[in-house]
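Comments concern the structure below.
We did not get these values from a lab; they are worked out from the coordinates using the rules stated. If you're wondering where the values come from, they're calculated on a predicted model, not measured in any experiment. Glycine gets a Cβ as well: all are built from the backbone with ideal geometry, and neighbour counts include every protein chain shown.
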Amino acid sequence: MPNTEKRAKHWEANHRSIRDAYIQLVTELKGMPMIQEVAKRAGLGYSTVQRHLDDLHFEPLKHPLRILTPDVILAIANSARKGSAMSQKLWMQLMEGWAEKHDITTMGNQITMPIDLSNLTKEELKQYVELTRKAERTNPELGGGEVSSG
């Protein structure tokens, strides 16, 4: 077995140990474990656990269970392969950046949704806000509330 393949298998085994230790500790402590606790439970060194968390860009205070992401993605993939339309759609959204598009015609203007507002110029954003306001005034089912331009 080539050296790089051995390292990859070793990394995966360590990752599983870290993941399992992390989940056990979160359950037991009802909170965030320290890296030392995870390392001890996993039977690994502090620096090994730290490298794995760094590779994940792991921010435990923001996303305490992000370490499970690979397992969740795999479950979505398995479900999608078995024919689940919901899982297939979710896979395309997460992995391929796909988004459903809806064409809306209002006041003679066609708008394709979703719109990435971050790519609009100030003038385009102003036009979008004005179109939205007009549409809401003329179509109460759209919400009828005020739209804030920020």
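The table below lists the values:
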{"item": "Stretchable slack from residue 96 to residue 47, in nm (0.36 nm times residue separation minus alpha-carbon distance)", "result": "14.3 nm"}
{"item": "Extended-chain gain in nm, criterion 0.36 nm per residue less alpha-carbon gap, residue 124 and residue 8", "result": "36.9 nm"}
{"item": "Size descriptor, Kirkwood hydrodynamic radius, that averages inverse alpha-carbon separations across the stretch 3-64, Å", "result": "11.9 Å"}
{"item": "Highest to lowest packing among 13-22, 67-76, scored as the average C-beta count within 10 Å", "result": "13-22, 67-76"}
